[in-house]
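First up is the structure itself, then whatever we jot down about it.
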Amino acid sequence: MKLILNFWRKLTTPSKAAVGTVLAMGFLGGIIFWGAFNMGMEATNTEEFCSACHAPILKELKETIHYSNRSGVRAICSDCHVPHKWTDKIVRKVQASNEIVAFLMGKISTQEKFEARRKHLAVREWQRMKENDSQECRNCHNFEFMDFSEQGPRSRKQHSTALASGEKTCVDCHKGIAHQLPDMSDVPGW
Amino acid sequence: MSTLEYVIWHILGYTAIPFIFLVGFIGVAGVSVWALSFTSDKKK
Amino acid sequence: MRKLLAVLLAAGTLFSVSAQSTETAVIENVNNGGVASLRGITELDTTRKADELKRVIKDRSPIDRDYVYQPPLVPHQTRHYEVSLNANKCLSCHSWKYAGEMGATKISVTHYQSREGEVLSDVSPRRYFCLQCHVTQADASPLIENDFKRVDSLR
């Protein structure tokens, strides 16, 4: 308590240092803090970090087009599951405290538990993506710049009708593009 | 997620943003005060 | 010491000479005698340059059948289309429920029959795993030239 009062006194009394010195310290300190904070945030967005708990999911991902493909342009966990806008990103990171609790409770600590919970987790993500109009897909796959003449007949047909009209969003048809599917018996379209 | 969950996470998330700025400021201020105590603001 | 070295050298040269004579005999057994195979006409001890990798054709119009009960070929790629107990991606377009909406070929009624011929209300388990009979096509020429012709009714 004394430390806090001492600190407060220090902050509210003039310093003997030059104005420039104090300002420079604040400016540099702010830059370093902001850089370190965001570096830490990005470290929690890497494949290595996510797969520390979600290793079976990374194994499933390895066969998919988002992991390895012709051009080498790929997506990692955070590209699809963490919003890109900073404010939404912070909200999602605060929500991740829920996942820490689930980890401590061992909710998906074995393959069997994971398989049992897969449907629940998938449905949450599908709903989230449907609500934000598959924004994470559109961060890379921009519909406005899709060249239909480069697509096959099936893609051309579906993208120019259901997707163009806004009737469907990416995730409505492209479920399972990155992970294995849960029990799809009561999912529309399956 | 349900509406309640949405509201809870967004309230917590949006309050976290100024909280981060505050903690950052206090951190930088603490380091600066400590650094200045060695040079300009030496206790005689 | 010097005598021992001399003896060892002599023995060494003798061995190397005899080894060479057996080597030439081994080389002669490698000739393929002019017989061509899918490997081409290369000798057994040479490595032929590998063929180009073939790619599956992404999407094309349906392919006509070559014989009456042929499971139709898949004219599009099926990369990572899951067919498991949890989900059957093929049926999400080709089942009777969705074929009209997706503009896809319906699976035939044979897929709804059990082994005894009784008609079931959904796809028979014996026909559930599509890719056991239906295959995709790579963009490649036939390995062996042949003059197979379809019957008149399918040409």
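On a per residue basis, the convex hull of the C-alpha atoms belonging to the stretch A:1-139 measures out at 185 Å³. Where the alpha-carbon atoms of the stretch A:61-190 are placed on the principal axes, they occupy 50, 36, 31 Å, in descending order. Amide H contacts of C:Val83 (H built 1.01 Å from N, in plane; Pro and chain starts excluded): C:Lys89 sit under 5 Å, all sequence-distant by 5 or more or on other chains. Considered as an equivalent ellipsoid built on the Cα gyration tensor, the protein assembly as shown has semi-axes of 59, 43, 20 Å, the largest given first. Summarising the amide proton neighbourhood of C:Val56: residues at separation of 5 or more, or on other chains, whose placed amide H is nearer than 5 Å comprise C:Asp139.
Working note: Karplus 6.51/-1.76/1.60 with θ = phi - 60° gives the stretch C:120-137 the couplings 9, 8, 9, 4, 5, x, 6, 10, 6, 8, 3, 6, 6, 10, 9, 10, 7, 10 Hz, where Gly and Pro are set to x. Net charge around C:Ala138, counting only other residues with Cβ within less than 15 Å of its Cβ (Lys, Arg = +1; Asp, Glu = -1)? Neighbour charge sum, excluding C:Ala138 itself: +1. Its Cα centre serving as origin, the stretch C:51-155 has a Cβ charge dipole (Lys and Arg +1, Asp and Glu -1) of approximately 200 debye.
Exceeding 29 Å between C-alpha atoms, which entries from my cross-link table qualify? They are A:Lys2/A:Lys89; A:Lys113/A:Lys168; C:Lys89/C:Lys149; A:Lys89/A:Lys130. Those over the limit are A:Lys2/A:Lys89; A:Lys113/A:Lys168; C:Lys89/C:Lys149.
Net charge near A:Ile65: determine it from the other residues with C-beta under 10 Å of the C-beta of A:Ile65, scoring Lys and Arg +1 and Asp and Glu -1.
Working: positive: A:Arg70, A:Arg74, C:Arg79; negative: A:Glu63.
That works out to +2.
For chain A, A:Cys53, A:Cys80, A:Cys140, A:Cys173 have no disulfide-compatible partner, since no other Cys C-beta lies under 4.7 Å from theirs. Relative to the longest principal axis of the Cα atoms of chain B, the long axis of helix B:3-36 lies at roughly 0 degrees.
Only the Cβ atoms of Lys and Arg (+1) and of Asp and Glu (-1) were treated as charged; on that basis the dipole of the protein assembly as shown about its Cα centre amounts to roughly 1700 debye. Mean partner shielding of peptide B:4-17, defined as the number of other chain Cβ atoms within 10 Å of each residue Cβ, is 4. Label-to-label distance for A:Leu104 and A:Lys85 is 3.1 nm, based on points extended 7 Å past Cα in the beta-carbon direction. For the stretch C:84-95, putting each phi into the Karplus relation 6.51 cos²θ - 1.76 cosθ + 1.60 with θ = phi - 60° gives couplings of 9, 5, 6, 8, 10, 5, 4, 5, 5, 10, 9, 6 Hz, in residue order, rounded to whole numbers and with x for Gly and Pro.
Values quoted throughout were computed directly from the atomic coordinates according to the rules given, and no laboratory measurement underlies them. Predicted model only: the values in this text are computed from it and were never measured. In this analysis, Cβ positions are derived from the backbone assuming ideal geometry, glycine residues included, and neighbour counts consider all displayed protein chains.
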